[in-house]
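Here the structure comes first, spelled out in structure tokens, and everything after it is commentary.
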Amino acid sequence: SGLGFNIVGGIDQQYASNDNSIYVSWIKKDGPAHLDGRLQEGDKILAINGRDLKDLRHMDAVELFKNAGYDVSLKIQRRLQPQNGPVGHRGGGDSGGLALAAVLVPGLALAAAVVWILLRYRQRM
């Protein structure tokens, strides 16, 4: 049975360089996590049932998941996945603001350029 997913990481088995965090490595098809639909492979798990997972050994984290009980609450940080390649790492912090800004700023610049071109084109007509 279990929760229906595997984890990687910990202070003794770093998944990402300079990061002791716990990550979801695999979700079992038709398992509880898959059926719930919210958890994704590559998600960083920050806490389980209110217990912070920071600076734990891998096996200690596994034990927390095994003993989590029936109702489980996870605090996660969503991971961006590149189109070609392994799960990406955004760096520290919970907000992921830098990654979002890296997408939004160029998109807003492109939109502003299109509006400017359209306005100039209409003025000439």
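The values are calculated or read from the model by the stated rules, or taken from the named source; none is laboratory data. This is a predicted model, so every value here is computed, not measured. Using ideal geometry, Cβ is built from the backbone for each residue, glycine included, and neighbour counts are taken over all protein chains shown. When the accessible area is computed, the model is the full protein with side chains, heavy atoms only, and any ligands, DNA or RNA have been set aside. Shrake-Rupley method; radii C 1.70, N 1.55, O 1.52, S 1.80 Å.
One residue stands out among those in the range 25-49 that are out of contact with any helix residue (DSSP H, G or I) (no Cβ under 6 Å at 6 or more places or on another chain) and of a type in the set (A, V, I, L, M): the one that is most open to solvent (accessible area, probe 1.4 Å), which is Leu35. Please go through the range 70-85 and give me each residue that is farther than 20 Å from Asp19 by Cα and either modelled with pLDDT of 90 or more or touching a strand residue (DSSP E or B) at 6+ places or on another chain (Cβ under 6 Å) (or both), ordered by number. Result: Val72, Ser73. Of all residues being farther than 18 Å from Gly9 by Cβ and not acidic (Asp, Glu) in the range 50-71, which is least open to solvent (accessible area, probe 1.4 Å)? Just the residue, please. Result: Gly69. Here Ser1, Ser95 are screened, and the one residue that is within 13 Å of the chain's Cα centre (by Cα), at pLDDT below 95, open to solvent by 20 Å² or more (accessible area, probe 1.4 Å) and among the polar types (S, T, N, Q) is Ser95. Just wondering, is there one or more residues in the range 15-24 that are open to solvent by 50 Å² or more (accessible area, probe 1.4 Å), among the acidic types (Asp, Glu) and on the phi < 0 side of the Ramachandran plot? Looking for residues that are open to solvent by 50 Å² or more (accessible area, probe 1.4 Å), among the acidic types (Asp, Glu) and on the phi < 0 side of the Ramachandran plot, one finds none in the range 15-24, hence no. Considering the range 28-54, and only residues there that are among the hydrophobic types (A, V, I, L, M, F, W, C) and under 15 Å from Lys66 (Cα atoms), the residue that is modelled with the lowest pLDDT turns out to be Ala33.
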